[in-house]
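*Asks:* Below: one structure in structure tokens.
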Amino acid sequence: GKPKRQRLRPKQPGVSRLALVRSSSMSALIAATNQPSDNFLAEMLTKALGAEFRSRGTTAAGVKLIRSFARRRGARVKAQNGSGLSRKDRASARGVGRFLEGMRSEDGVSDTFLGSLALAGRNGTLADRMRGTAAQDRCRAKTGTLTAVSVLSGYCIAPGGREIAFSILMNKVDIYRAHLYQDKMAALIARYRP
């Protein structure tokens with residue numbers, strides 16, 4: 001017969017389960033997306049958001065939720081997709097900073113979000129960056145790269161335990177040189193004493 005979709009009940013007559021797949025936890029999926037900066041997973045999570053909360057597993061549905069979520073945390077985001085790989089995806093450094101501050105006060109997701117970010121000098125896209133500087137082991141961030149565009153946004157723990165959110169968005173730059181400057185700025189933030 002024609003395939004149909006329905007929720008199975010235990011031991012439903014005439015129906016046999018063919019397979020059962022359990023997804024990783026959302027915290028594991030977010031870390032698998034953010035630390036290595038996996039654009040495919042970012043796109044799939046965007047579609048999953050649309051499917052779960054808008055009944056449409058599309059990029060457009062997921063992006064609407066992302067924009068709304070960011071706006072409630074003080075950031076205006078012009079998003080076209082979930083990965084940020086479009087030049088039409090835009091945000092200001094101030095907006096990203098506000099978003100990051102908002103995420104730290106988000107009950108139930110704050111620590112999961114923080115833990116999903118790459119740790120300077122240790123893992124993900126920052127495994128080989130900021131080693132031997134004040135930022136190593138004290139800054140967690142998300143990178144972003146397009147041709148002539150480089151981004152580093154996240155948090156550093158300054159002396160005394162104060163957490164500082166930061167966002168460095170660079171356009172029309174040599175990526176290698178941008179990383180050098182971003183790493184120096186992150187190290188300065190990690191040493192900042194008010």
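The values are calculated or read from the model by the stated rules, or taken from the named source; none is laboratory data. Since the structure is predicted, the reported quantities are computational estimates derived from the model, not experimental observations. Note that each Cβ is placed from the backbone with ideal geometry, even for glycine, and that neighbours are counted across all protein chains shown. Calculation scope for accessible area: heavy atoms of the full protein, side chains included, ligands and nucleic acids excluded. Shrake-Rupley method; radii C 1.70, N 1.55, O 1.52, S 1.80 Å.
*Asks:* Would you mind telling me which numbered condition in (1) within 19 Å of the chain's Cα centre (by Cα); (2) under 15 Å from A118 (Cα atoms) E163 fails?
*Replies:* (2)
*Asks:* Filter region 90-126 down to the residues that are in contact with a strand residue (DSSP E or B) (Cβ under 7 Å, 6 or more places away or on another chain) and either free of Cβ contacts under 8 Å to residues at least 12 places away in the same chain or assigned to a strand (DSSP E or B) (or both), then identify the one that is farthest from L188 (Cα to Cα).
*Replies:* The residue in question is R90.
*Asks:* Under 14 Å from the mean Cα position of the chain (by Cα) and among the hydroxyl-bearing types (S, T, Y): does that describe S83?
*Replies:* yes
*Asks:* Could you please give the count of residues in region 1-41 that are more than 22 Å from L85 (Cα to Cα), surrounded by 10 or more Cβ atoms within 10 Å (Cβ to Cβ) and either touching a helix residue (DSSP H, G or I) at 6+ places or on another chain (Cβ under 9 Å) or modelled with pLDDT of 85 or more (or both)?
*Replies:* Looking only at that region, the number is 5.
*Asks:* Now for a separate question. Filter the helices (runs of 4 or more DSSP H) completely within region 1-77 down to those with at least 2 residues that are among the basic types (K, R) and within 22 Å of G154 (Cβ to Cβ). Give the steps one after another, and end with the answer.
*Replies:* Values: elements: 26-34, 39-54, 59-72.
The qualifying helices (runs of 4 or more DSSP H) are 59-72.
*Asks:* Tally time: how many residues in region 69-114 are under 14 Å from E163 (Cα atoms) and open to solvent by less than 40 Å² (accessible area, probe 1.4 Å)?
*Replies:* Residues flagged as under 14 Å from E163 (Cα atoms) and open to solvent by less than 40 Å² (accessible area, probe 1.4 Å) within region 69-114 amount to 6.
*Asks:* Could you check region 139-181 and list, in sequence order, the residues that are among the polar types (S, T, N, Q) and touching a Ser or Thr at 6+ places or on another chain (Cβ under 7 Å)?
*Replies:* Correct list: T143, S153, S167.
*Asks:* Considering only residues that are surrounded by fewer than 15 Cβ atoms within 10 Å (Cβ to Cβ) and in contact (Cβ under 8 Å) with a residue 12 or more places away in the chain, look in region 148-173 and name the one that is nearest to A93 (Cα to Cα).
*Replies:* Result: N171.
*Asks:* Which of the residues that make up region 129-166 are touching a Leu at 6+ places or on another chain (Cβ under 7 Å) and polar (S, T, N, Q)?
*Replies:* If the condition is that a residue be touching a Leu at 6+ places or on another chain (Cβ under 7 Å) and polar (S, T, N, Q), then T143, S153 are the ones that fit.
*Asks:* I'd like the full set of residues that are polar (S, T, N, Q) and part of a loop (DSSP other than H, G, I, E, B), limited to region 129-158.
*Replies:* T133, Q136, T147
*Asks:* Follow-up. Working only within region 42-68, note down all residues that are out of contact with any Gly (no Cβ under 6 Å at 6 or more places or on another chain) and open to solvent by 60 Å² or more (accessible area, probe 1.4 Å).
*Replies:* Within region 42-68, M44, E52, F53, R54, S55, A60, K64, R67 meet the criteria.
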